[in-house]
């Protein structure tokens, strides 16, 4: 499967309050995975996750990952 034209990947939340959850996430315009995610969970509250080291590819010759690990950083209250 050619993922070079795929515009999204799966963000795997590996710790924190959303541990074990996954989120469909768009690649940056450059084609790279997002360096951090801000996930709204309630009005006035969101979680910050930062990209981890784990990457998954559907084939050895894929340019873009199909899944990327993210680690919990903090909860922000507005």
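The values are calculated or read from the model by the stated rules, or taken from the named source; none is laboratory data. Not measured: the values here are computed from a predicted model. A quick note on method: Cβ atoms are made from the backbone with ideal geometry, for glycine too, and the neighbour counts reach across all protein chains shown.
Structure summary
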{"quantity": "Boolean, residue 23 is farther than 11 Å from residue 70 by Cα, in contact with a strand residue (DSSP E or B) (Cβ under 7 Å, 6 or more places away or on another chain) and assigned to a strand (DSSP E or B)", "calculated": "no"}
{"quantity": "Filter result (surrounded by 13 or more Cβ atoms within 10 Å (Cβ to Cβ) and part of a strand (DSSP E or B)) within the stretch 62-78", "calculated": "67, 68, 69, 70, 71, 72, 73"}
{"quantity": "Test for residue 78: is it over 14 Å from the mean Cα position of the chain (by Cα) and touching a residue at least 12 places away in the same chain (Cβ under 8 Å)", "calculated": "yes"}
{"quantity": "Residues satisfying the stated conditions in the stretch 33-56, i.e. in a loop (DSSP other than H, G, I, E, B), under 11 Å from the mean Cα position of the chain (by Cα) and either modelled with pLDDT under 95 or more than 14 Å from residue 67 (Cβ to Cβ) (or both)", "calculated": "35"}
{"quantity": "Of the criteria (1) exposed (fewer than 12 other Cβ atoms within 10 Å of the Cβ); (2) assigned to a loop (DSSP other than H, G, I, E, B); (3) within 13 Å of the chain's Cα centre (by Cα), which one residue 59 fails", "calculated": "(3)"}
{"quantity": "Qualifying positions in the stretch 1-18 - at pLDDT 95 or above and either buried (at least 16 other Cβ atoms within 10 Å of the Cβ) or assigned to a loop (DSSP other than H, G, I, E, B) (or both)", "calculated": "9, 11, 12, 13, 14, 15, 16, 17, 18"}
